[in-house]
Amino acid sequence: MTAGIAAASLSGGASLNAAGNVSLNWLGSNAGEIVSMFVHHIVLSGIPTLAGLIIALPIGAFANRYRWAYTPTITIAGLFYTLPSLAVFVLLPLVLGTKILDPLNVIIALIIYTLALLVRVVADGLASVPEETVQAAEAMGYRSVRRFLTVDLPIAAPVILAGLRVASVANVSILSVAALLGIPQLGQLFTEGFQLDFYAPIIAGIVLTVFLAFVFDGIIVVAERLMTPWKRARTEEVTA
Amino acid sequence: MIAWLFDPSHWTGQTGIWIRVVEHLAYSGITLAFAMAIGLPLGLYIGHTGRGRVVMAGIANALRALPTLGLLILGVLIISPVITNDLAFTLPCIIVLVILAIPPIMTNTFAGVAAVPEEIKQAGYGMGMTSRQVLWQVELPNALPLIVAGIRSSALQVIATATVAAYVSLGGLGRYLIDGLATQDYAQMAAGSLLVVILAVLVEIALVGVQTLIVSPGVSARKLRLTNARSARAAQRAESDERGTGPSAAGTSGTTDQEMAHR
């Protein structure tokens, strides 16, 4: 029956409507399951993004502070980005000693991808803090950790958060690949749709994944606006 | 996994490792060729004329958020019933892979051309060059490092996504992962994964080699890069002085990934 719908919907607009009704029924009767997948998706992509940011800050600061460390750190981080996600999902259990269905594999894999993107961004963001600002802060008695947290980091925030937006969106979409291994999240809607030869779950999965990516993106944009009030005051003038 | 890899019978025949590697490279190469044929001219045009930037950034951002697995499955479900020959499953995969491979190439090409300093372009026009000559002889060589970086990230993305596409019947190394998963053969899955990782890293190294070969020494020379970095930093400082702001995200240096070009 489902195969018939898929075939019919290819032949013309009228039958697409029929398929649409079936789709709505399908969505209605599976709403609970879909919500649960959505929540899993939020957790499994949100935690690695946050954890990756927290770990990237000291590594990026280290790479920025010591010139000799910059190139090796950035190169190694970049190398991690070359690893295909599905392969990493499969290989991590060997390295970590976890089971292949353990969500921890996915979380660690996404932390690695976040680091691969953010270490460079953090280092470059910190490098863009003007020398005069650093000197002024030092002259006012701001030292080491306090200067890093209250002076360097806020000034570098726009650059770092721009990178974080990329990482969060990438994580949301990479995570769906984990459905091939059977880890519960929105990607399962794709594999289910493929097995049923049925569009509704696939389209629902794509829409929800993109929606979640935009929500994460929006949260970071709002956070950036809150963290950089000085920027808003001036850019409004410039764009006006 | 090691035992599986060193079993000679896994290296030969129709489903042998060599055949799978060649398939993987062939699909990736075809995809990349199409993506370059579309993405490079578009990026050059948008960078040179400044037209369509907003549309490009919007499309690139939207595509980045789309889950590749969903697109692949949707592509196969929509396209394969219409095709009757051998391409029924391969073609939709290639189409989806091409669509996903275009944005990194296009946005990086745009960013590379747009980042060529105005004075350098003016110097070209001042020497009597036409708009087209400035594009080919000034903007393109200067933008090459970023353009190649875009092709590199696109290539890696294609190699990775081709692995996923094995789920919807594409050949290549991904078959070991999908077939291994179906038969609960973890050794096969892990070996296939390792092979994909090695292939990705080798391709990346090869493309870095290509990059050093084709980028003009005048552009890639360390000395020049340092001066550029210094002038970029000075420009950024001037800009932030003028606006009374901190450094803007727009001024970030070294953002070679397509990801950053969307600002």
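Key figures for this structure:
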| item | result |
| --- | --- |
| Close pairs from the range B:172-188: first touching a residue at least 40 places away in the same chain (Cβ under 8 Å), partner open to solvent by 20 Å² or more (accessible area, probe 1.4 Å) and basic (Lys, Arg), Cβ under 9 Å, at least 6 apart | B:Gly172/B:Arg20; B:Leu173/B:Arg20; B:Gly174/B:Arg20; B:Arg175/B:Arg20; B:Tyr176/B:Arg20 |
| Residue check, A:Val121 touching a residue at least 24 places away in the same chain (Cβ under 8 Å) and either touching a Leu at 6+ places or on another chain (Cβ under 6 Å) or open to solvent by 20 Å² or more (accessible area, probe 1.4 Å) (or both) | no |
| Residue count, the range A:196-228 (criterion: assigned to a helix (DSSP H, G or I), among the β-branched types (Val, Ile, Thr) and facing another protein chain (nearest Cβ under 8 Å)) | 5 |
| Selection from the range A:64-92 of residues that are more than 28 Å from B:Ser154 (Cβ to Cβ) and open to solvent by 10 Å² or more (accessible area, probe 1.4 Å) | A:Asn64, A:Arg65, A:Tyr66, A:Arg67, A:Trp68 |
| Top-ranked residue in the range B:63-103 [being open to solvent by less than 30 Å² (accessible area, probe 1.4 Å) and hydroxyl-bearing (Ser, Thr, Tyr); ranked as farthest from B:Ile151 (Cα to Cα)] | B:Ser80 |
| Meets criteria (in a loop (DSSP other than H, G, I, E, B) and either touching a Lys or Arg at 6+ places or on another chain (Cβ under 9 Å) or within 13 Å of chain B (Cβ to nearest Cβ) (or both)) for A:Val129 | yes |
| Meets criteria (without any contact (Cβ under 8 Å) to a residue 60 or more places away in the chain, in a helix (DSSP H, G or I) and open to solvent by less than 30 Å² (accessible area, probe 1.4 Å)) for A:Val166 | yes |
| Yes/no for A:Val159 being open to solvent by less than 30 Å² (accessible area, probe 1.4 Å), at the interface with chain B (Cβ under 8 Å from one of its Cβ atoms), of a type in the set (Val, Ile, Thr) and closer than 19 Å to A:Leu50 by Cβ | yes |
| Residue within the range A:158-171 that is within 16 Å of A:Met37 (Cβ to Cβ), among the aliphatic types (A, V, I, L, M) and out of contact with any Lys or Arg (no Cβ under 8 Å at 6 or more places or on another chain) present | no |
| The lone exception for A:Gly193 - which of (1) within 22 Å of A:Ile42 (Cβ to Cβ); (2) under 21 Å from the mean Cα position of the chain (by Cα); (3) at the interface with chain B (Cβ under 8 Å from one of its Cβ atoms) it fails | (2) |
| Residue match in the range B:9-24 (condition: in contact with a Ser or Thr (Cβ under 9 Å, 6 or more places away or on another chain), modelled with pLDDT of 85 or more and open to solvent by 50 Å² or more (accessible area, probe 1.4 Å)) | yes |
| Filter pass, B:Leu135 being at pLDDT 90 or above and open to solvent by less than 60 Å² (accessible area, probe 1.4 Å) | yes |
| Restricting the range B:160-209 to residues that are over 12 Å from A:Ala87 (Cα atoms) and surrounded by 24 or more Cβ atoms within 10 Å (Cβ to Cβ), the residue that is nearest to the other protein chains (Cβ to nearest Cβ) | B:Tyr167 |
| Matching residues in the range B:43-62 - criterion: being under 16 Å from the mean Cα position of the chain (by Cα) and either without any contact (Cβ under 8 Å) to a residue 24 or more places away in the chain or surrounded by 19 or more Cβ atoms within 10 Å (Cβ to Cβ) (or both) | B:Gly43, B:Leu44, B:Met56, B:Ala60, B:Asn61 |
| Residue within the range B:183-194 that is aromatic (Phe, Trp, Tyr) and modelled with pLDDT of 90 or more present | no |
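Okay, residues lined up against (1) farther than 29 Å from A:Ile202 by Cα; (2) of a type in the set (S, T, N, Q); (3) assigned to a helix (DSSP H, G or I):
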site	(1), (2), (3)
B:Leu25	no, no, yes
B:Met36	no, no, yes
B:Leu69	no, no, yes
B:Leu74	no, no, yes
B:Ser80	no, yes, yes
B:Asn85	no, yes, no
B:Ala88	no, no, yes
B:Leu97	no, no, yes
B:Ile105	no, no, yes
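The values are calculated or read from the model by the stated rules, or taken from the named source; none is laboratory data. Quantities reported herein were computed from a predicted structural model and do not represent experimental measurements. Glycine also receives a Cβ, built like all others from the backbone with ideal geometry; neighbour counts cover every protein chain displayed. These accessible areas exclude ligands, DNA and RNA; they are computed on the full protein's heavy atoms, side chains included. Shrake-Rupley method; radii C 1.70, N 1.55, O 1.52, S 1.80 Å.
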